[in-house]
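Q: Got a structure for you, questions after.
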Amino acid sequence: MGRKKMNFKHINPKKVIEEVEASDVEEMEDNSGAEETWRNSESESNSEEEQNDELDSEQENESDNEDVENNEMDSEQENESDNEDTEGDESEQEKDSEDEDDSGFDDVNKHKESLQKLKETDPEFYKFLEENDKDLLNFNLSDDENDDDDQPQIHVPELGSDESDYEDENTKEDDRNITFKLLKKWQVDIKTDKSNKTLYELSQALHAALLLVLPEEEAGTPSKYKVEGSAIFNGVVQLCVLEFGPAIKRFLGLDNKSKEKPHQCKKFKKVKTILKCYFEDLLKLLKGVASANIQTVLLKHMHYMSSMLTSYPNITKDLLKQLIKIWGVSEEGVRVIAFFCILKISRHTQPLLDLALKSMFITFVKNSKFVSPSSLPSINFMRRSLVEMFALDTNLAYQHVFLYIRQLAIHLRNAMTVNKKENVQAVYNWQFVNSLQLWGNLLSVTCSKPQMQQLIYPFIQVCLGTLKLVPTAQYYPLRFHVTQILINLSRDADVFIPVLPFIVDILDNYDFNKKHQKISMKPLKFTFILRLSKSQLLENGFKDTVIDTIYDQLMEYMAIQSSSISFVELSLLTTIQIKKFLKKCKNGNYVKKMKQALEKIEQNNKFIENERRKMTINLADLKQVEGFENQLKCKGTPLSIYYESWIKIRNQKKRKEATMNDELGDYNLPTNKKRRIKNIEVKRPKKDVDFVLSESEDDEESQILRKKVDIESD
């Protein structure tokens, strides 16, 4: 923007002096920031104060213009010095004013000449000045023409300028950032605010925290706030977890004991959208957060808020799937809380329960493909929690269990008919065995329900068919797993299952007199094995484990049937096979163990025979027979009494193996033993001697030696 030039006139010095004494000199100001004026005041004290403002901006386009402006500034400085000395002599003022006028006229002439020269040398630039800065060319304007421009103009930045935009963005970012002060304010306001304003602010804060964890594409719409740093993130999550749920209930007027559903409240419409966004953000946080601590906090909060999910079926389904995923793969503590959330969300809604049962069973099968010491606890947890879920609604559970048992039967039929390695492997794997374990536990729990009783027989047939599929020594571990499932079902459901032949037949089918080719320090554990390798079959630990397992399962099953009125007939074939094994076997340890089992069985046979002689009931009356068996069970049989004492010792041994106490016992731990000192002769030292004992010597021994030396020296 151009700068206005001052218009100098020829002034009479005497007239100037008279005007200074009579009134103040008027200031001349630059309207566009280019012209400076001076105003003289305080006429009584004959002094003048200087008021000077520098020029705002200059447009330096040509060197000629710079020279003109410099000349003008020189003339202004001379004028300034003349105006300051008004108290001097009259003659000096007249002389100064004449010099000023002369210099002013000279500057004007020079300025005209330079502009005329500019017009000749650069006509394009001169034309540009005429169009954009006429004030620079029209410097001969009179004072009267410039009176309208005396008021100063203030530069206002344009709204679309870069500078204003930058400042606005900074202020916005400062306002968007969540601070601890703002969190404390929300914590106070949410307890007293009767509107939904603070609830909305908290939901937006949680969405801002979500943007810190997930990218903007997955997080969704941007938030009005911004979270920076893990401390603010934790503060936002903590505030939401502690205050959002109780605040919603206060707003809706719900108590902890009230049975009214949230969506039935009058004010629910005001928070419906807020809750929807809030639950969506919680779901995304659960998907994006990998920390077990944060997952635990969010799941506990979700468990508290689960009663409000009924109005959002789509969100509930997605949330249920994510909870089931966490239930299958996360850490132990997180999985337990996830299961509680699944249970609370789906137990009262059949469609959600149906979805949960399907998804949980698929997750269980996927995560039970391999069994190891590290994965077995998680598989057991999933199996028990699934049993609890299926037991919630037996009518719905029957539909699912029937289909899954039928699927197992189809795999077994294909393996029996086609007899290929692939089909056999479809049955002889951990997923198949773990599924049998799951349905066996479920039928044991729900055996009193008439719907589930119908599934016991087909399930037993599938198990027996699995045992008969490949009856070789390599799959003895799998056989023991399946027989244990049947023994547990027989005990819990009080159902007779012919398990004994599959246990005792091993004594006849395998030659235990065969010498082993490898020596193992400890017996094998069949807990994590389904199929044995050829090298394992050659170890002595294989035969030891087989005999121990046969003894354990034989005693457990016979103890269950020990109060049966037909125990004598049931144990007949078993006693014959055991006696036959005792005649063949030459291993003293095996003979001793199986002989002990035979003695307990025969002892129980005698007891049952004596009780049957005393009996005066009709065998055709099933109720009387059942009453007789219950009486014997309450009284106790010799075999059941022995088994109870023996099982305690066995469980204690298993617990030691689980905690590896045996391995700790193998180490020779140091013990403090006092050494006996016999006839210790110590020569009298000629000089004072300092005893330096090694670290291995006892303190007691060193003290004794010191005392003896002191006595002899005295």
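Q: Could you check how much of the accessible area of the stretch 460-596 is carbon and sulfur, as a whole percent, using a 1.4 Å probe? Walk me through the numbers before you get to the answer.
A: Values: 3420 of 6280 Å².
The value for the stretch 460-596 is 54 percent carbon and sulfur by accessible area.
Q: Would you mind calculating the gained length between N380 and F496 on full extension (0.36 nm times residue separation, minus the Cα-Cα distance), in nm to one decimal? Spell out each step's value before the answer.
A: Working: separation 116, 0.36 × 116 = 41.76 nm, distance 2.59 nm.
Between N380 and F496, full extension yields an extra 39.2 nm.
Q: Right, something else. Between Q451 and A290, take the C-beta separation as r, use R0 = 60 Å, and let me know the FRET efficiency to the nearest 0.05.
A: 0.90
Q: Rank these residues by their accessible area, most exposed first, probe 1.4 Å: S564, S372.
A: Of S564, S372, the descending order of accessible area is S372, S564.
Q: Of T616, T527, which has the most accessible area and how do the rest follow, probe 1.4 Å?
A: Values: T616 130, T527 70 Å².
If we order T616, T527 from most to least accessible, we get T616, T527.
Q: Could I ask something else about it? Is the shape of the stretch 599-658 best called rounded, prolate or oblate, per the rule: a/c under 1.5 gives rounded, else a/b larger than b/c gives prolate, else oblate, with a ≥ b ≥ c the square roots of the Cα gyration tensor eigenvalues?
A: Working: a/c = 4.28, a/b = 2.39, b/c = 1.79.
Prolate is the answer for the stretch 599-658, as a/c is 1.5 or above and a/b outweighs b/c.
Q: Could you work out how far the C-alpha centroid of the stretch 537-588 sits from that of the stretch 447-499, in angstrom?
A: 18
Q: Among K518/K579; K191/K266; K366/K449; K344/K369, which pairs are too far apart, with a Cα-Cα distance over 26 Å?
A: Numbers: K518/K579 29 Å; K191/K266 20 Å; K366/K449 29 Å; K344/K369 28 Å.
From K518/K579; K191/K266; K366/K449; K344/K369, over 26 Å: K518/K579; K366/K449; K344/K369.
Q: Shifting gears a bit: Accessible surface of H303 in the full protein assembly, 1.4 angstrom probe, to the nearest 10 Å²?
A: Only protein atoms counted, so the area is about 60 Å².
Q: Where Lys and Arg each count +1 and Asp and Glu each count -1, what net charge lies around F390 among other residues with Cβ under 15 Å from its Cβ? Please report the intermediate quantities before stating the final value.
A: Numbers: positive: R347, K358, R383, R384, K449; negative: D354, E388, D393.
The answer is +2.
Q: Give me the net charge for the shell around P471: Cβ to Cβ below 11 angstrom, other residues only, Lys and Arg +1, Asp and Glu -1.
A: Local net charge: +1.
Q: Another one. Which cross-chain or sequence-distant (5 or more) residues have an amide H under 5 Å from the amide H of N177, H modelled 1.01 Å from N in plane?
A: The list, which skips near neighbours in sequence, is K226.
Q: Something else now. Counting only protein heavy atoms and using a 1.4 Å probe, what share of the accessible area of the stretch 216-356 belongs to carbon plus sulfur, as a whole percent?
A: On the way: 3720 of 7310 Å².
Roughly 51 percent of what the probe reaches on the stretch 216-356 is carbon or sulfur.
Q: Mind computing the radius of gyration and Dmax over the alpha-carbon atoms of the stretch 443-495? Å is fine for both.
A: 12.3, 39
Q: Sticking with this one: Name all residues of the stretch 557-596 having a backbone nitrogen under 20 Å from the label point set 7 Å from the Cα of K623 along its Cα→Cβ direction, giving them as ranges.
A: 565
Q: Sticking with this one: Roughly how much of D281 is accessible, in Å² to the nearest 10, using a 1.4 Å probe?
A: Surface open to solvent at D281 totals about 10 Å².
Q: Exactly which trypsin sites (Lys or Arg not before Pro) in the stretch 400-464 are in a DSSP loop and have at most 14 other Cβ atoms within 10 Å?
A: Working: sites: R406, R413, K420, K421; in loops: K420.
Those satisfying the criteria are K420.
Q: Once ligands and nucleic acids are excluded and a 1.4 Å probe is used, how much of F581 is accessible, expressed in Å² to the nearest 10?
A: F581 has an accessible surface of roughly 10 Å² with all protein chains in place.
Q: Per residue, how many Å² of accessible area does the stretch 389-512 show with a 1.4 Å probe? Mind dumping the intermediate values first?
A: Values: 5280 Å² over 124 residues.
Computed with neighbouring chains in place, this is 43 Å² per residue.
Q: Below 11 angstrom from the Cβ of K515, what's the summed charge of the other residues (Lys, Arg +1; Asp, Glu -1)?
A: Values: positive: K514, K518, K543, K586; negative: D511.
That works out to +3.
Q: Quick check on the stretch 175-253: take the gyration tensor over C-alpha atoms, sort the square-rooted eigenvalues as a ≥ b ≥ c, and tell me if it's rounded (a/c under 1.5), prolate or oblate. If you can, show how the numbers build up before the last one.
A: Working: a/c = 2.04, a/b = 1.61, b/c = 1.27.
Note, shape of the stretch 175-253 comes out prolate.
Q: What are the ³J(HN,Hα) values, in whole Hz, obtained from phi via the Karplus relation 6.51 cos²θ - 1.76 cosθ + 1.60 with θ = phi - 60°, for each residue of the stretch 494-509 in sequence order, with x given for Gly and Pro?
A: 6, 10, 7, 10, x, 8, 3, x, 6, 8, 7, 4, 5, 5, 8, 7
The values are calculated or read from the model by the stated rules, or taken from the named source; none is laboratory data. If you're wondering where the values come from, they're calculated on a predicted model, not measured in any experiment. Neighbour counts are summed over all protein chains in view; Cβ atoms, including those assigned to glycine, are modelled from backbone coordinates with ideal geometry. In case anyone asks, the SASA skips ligands and DNA or RNA and just uses the protein heavy atoms, side chains included. Shrake-Rupley method; radii C 1.70, N 1.55, O 1.52, S 1.80 Å.
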